[in-house]
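Here the structure is laid out as structure tokens; the discussion comes afterwards.
A short reminder: the numbers here are calculations on the coordinates, not readings from a lab. Note that the structure is a prediction, hence the values are computed from the model and not measured. Neighbour counts run over all protein chains shown; Cβ positions are idealised from the backbone, glycine included.
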Amino acid sequence: MSDANLMPLGQASPIELDGTPTEARLFDDSFVSSLNGGEVSDVEEDLDCVDPSEVLEYKVISKDRVVLGLKRDAEIFFKGCLQIKVLKGEISTQGYRIGPQDQYSSIYSPRGHSLLSISATNNTNSVDDFESRLTSEGVSESDLPDSDVICITKKLSEPWMDYLKRSLKKSDKINLFGRDATPKDDDTRWSGLELCLDVTLYRPKVMQTKLWRQGEEWDLALTNISIVRGGGGQPRLVATGGKGVGKSSFARWMTNCLIQETGEVLFLDLDPGQKEFGLPGYLTLALLDKPLLGPNFCHQQTKWEKSIYFGDINISNNPGRYISCVSELLTISDEFSGPMVVNTMGWCQGLGALINTDVIRLCQPTTVVQLLSRFPKKNYPRSLSSDYVSTTNSSWRKSPRNLSYTLLEFQAVPERRWAKDMRSQDSWGIPEPKVLRDIQMLSWFGKRGGIRDLPVYSIHFSKVCLSVSHERVPAHALLAALAFNPVDLCVAKQSAIRRPKQSEDYSILNTSPVTESIGTGIVRGVDKDKRLIYVATDVEEEMLKQVNCLVGGSLCLPSGLLSKQKVPSPYLDPEPSDNPLDLPWQRNKKYGQFSH
């Protein structure tokens with residue numbers, strides 16, 4: 001490749017911009033917010049941003065690969081997703097440092113979330129095996145810019161992203177990952193890079209959005225964890241604060257830092273609504289050995305996960321059950337001796353404050369981080385010091401416990417200057433929690449091949465008990481309540497099961513079990529004549545043989561997914577059909593445990 005394709009600073013790109021958006025945008029087309037008439041305002045996030053032209057060089061080396069060159073301490077933000085491999089130097093993203101390595105790292109920076117950056121660190125002396133890395137990538141030294149940090153970036157496209165895009169209902173569709181249209185007055189010097197990788201570089205002079213920022217004081221929490229580890233203790237950090245104060249960003253940053261130091265981190269996810277791992281309605285304990293380089297719906301597979309089905313996104317509907325689920329997960333966590341990060345719910349007023357007081361008592365943390373907003377309604381009524389949490393009667397269970405931990409109070413970062421109150425929104429984010437939950441659910445199904453590709457199993461009525469966790473449902477209506485909805489697959493204690501009068505009917509539970517989940521399924525159909533329930537799930541068949549209970553909750557399939565199904569009813573039509581969505585894949589002659 002000739003030197004003409006090298007992109008020096010300030011020179012036009014060799015690839016022309018076609019100017020056509022990659023898809024119809026139902027949200028804002030570009031980074032420029034509709035606020036302030038589309039003009040960039042003085043926002044807190046942009047004060048120390050520099051234009052890419054000052055720190056970045058690039059060269060397109062194939063239709064989907066680009067060589068990036070960054071100056072020392074440079075930082076570039078982008079919207080989209082990409083794969084990156086460091087050839088020289090070191091970069092950092094969301095607190096995780098990436099040096100020269102053989103494999104690519106995937107970074108996800110979608111719309112609706114604070115944009116992630118690629119930052120060149122001070123460690124620019126890594127030159128071991130530089131030539132062999134160049135050879136393995138088919139890159140010659142003539143392709144390289146004269147920069148402190150050199151990386152190879154590739155376009156990232158995964159099947160679950162296409163599934164998510166197809167399955168969102170029309171009114172919720174946004175261009176999560178693809179390149180956005182740039183402002184008309186912007187030059188095209190970066191169009192070659194953006195077209196090749198299908199991303200948009202952030203230019204502070206003409207664009208406005210939310211950027212991911214590390215808090216100035218966050219390193220204090222990492223220092224505190226190191227002190228606990230140095231003393232032979234097991235670090236347990238609980239992140240607290242109201243909705244939108246950066247609690248999840250802090251928890252991911254802390255997790256990435258600890259993975260870098262210890263190799264593994266236990267993550268306790270106690271927010272059933274906007275979850276970090278798994279599906280909404282669950283509380284999850286996950287062992288992580290890979291960094292979190294994106295928002296919740298982009299996370300890669302964890303080393304293992306243990307979940308308990310709470311069954312609701314509104315904790316106020318059943319505080320006692322929520323506390324029991326937290327307690328059960330903490331019992332499971334006792335088997336792990338490494339550091340643990342706990343992400344709590346963002347409800348910090350009234351009953352929410354009482355419940356989170358009990359959560360802190362149950363976790364017995366070594367460190368509590370309390371993120372403070374300038375909006376009073378986003379904050380707890382008072383500081384969550386160990387003395388206060390140990391002795392206060394302002395809790396749900398009124399069970400004081402002697403605690404001794406370090407309380408660190410950090411300011412929320414960043415909060416926009418133009419926001420007059422906590423309800424202020426801009427066109428960049430996704431303010432509807434339901435849309436966020438739909439995105440998370442569709443991503444979860446997409447990573448499993450989609451709902452249509454899940455194997456379908458059958459179970460006889462007599463071998464299963466049914467329950468709905470979030471409200472009372474008459475026994476005769478349970479099948480209708482569960483039909484074509486997600487259900488938790490678990491094992492109920494025999495002593496808790498109420499047997500039917502007719503041996504061929506299903507059993508019920510007075511109270512939904514608080515027990516470890518075996519997996520999630522979808523009730524695809526019910527054959528009342530054969531007394532069979534058909535469940536689609538990715539759980540292995542050997543594990544399904546243990547299941548004796550299906551538990552439903554408030555969780556429903558996204559409406560965009562339902563509108564694309566060709567099933568006229570979740571109950572199976574008695575007429576023969578070749579469509580596996582209308583009829584079971586196989587008619588089972590032998591009843592018993594789940595059978596395919």
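In what sequence, highest mean first, do 479-485, 93-99 appear when ranked by Cβ atoms within 10 angstrom? Mind showing how you got there, number by number?
Working: 479-485: 18.1, 93-99: 19.9.
Descending mean neighbour count gives 93-99, 479-485.
Just rank R236, R229, fewest to most, by other beta-carbon atoms within 10 angstrom. Before the final figure, lay out the partial values.
Values: R236 22, R229 17.
Lowest count first: R229, R236.
Inter-label distance, S559 to D64: 3.5 nm, where each label sits 7 Å from its Cα along the C-beta direction.
Placing unit charges on C-beta atoms (Lys and Arg positive, Asp and Glu negative, everything else neutral), compute the dipole magnitude of the range 450-562 about its Cα centre in debye, rounded to 20.
Values: 12 positive and 12 negative charges, 101 e Å.
For the range 450-562, the charge dipole is close to 480 debye.
Can you pick out the pairs among K205/K290; K378/K398; K88/K210; K63/K205; K79/K378 whose Cα atoms lie more than 32 Å from each other? Over 32 Å apart, Cα to Cα: K205/K290. Couplings 3J(HN,Hα) for the range 255-272, derived from phi with the Karplus relation 6.51 cos²θ - 1.76 cosθ + 1.60 (θ = phi - 60°), are 4, 4, 5, 6, 4, 4, 8, 10, x, 9, 9, 8, 10, 9, 9, 10, 9, x Hz, where x marks Gly and Pro. 3J(HN,Hα) couplings calculated from phi for the range 135-145 with the Karplus curve 6.51 cos²θ - 1.76 cosθ + 1.60 (θ = phi - 60°) are, in sequence order, 4, 5, 8, x, 10, 9, 5, 5, 7, 8, x Hz; Gly and Pro show x. In order along the range 278-288, the phi-based Karplus estimate (6.51 cos²θ - 1.76 cosθ + 1.60, θ = phi - 60°) of 3J(HN,Hα) comes to x, 9, x, x, 9, 10, 10, 10, 10, 9, 10 Hz; Gly and Pro are listed as x.
Arrange the peptides 523-536, 198-211, 312-325 so that the one whose residues have, on average, the most other Cβ atoms within 10 Å appears first. Let's see the in-between values first.
On the way: 523-536: 19.7, 198-211: 21.5, 312-325: 18.0.
Result, highest mean first: 198-211, 523-536, 312-325.
Each residue, T135 and E217, gets one label point 7 Å from its Cα in the Cβ direction; the gap between the two is 5.3 nm.
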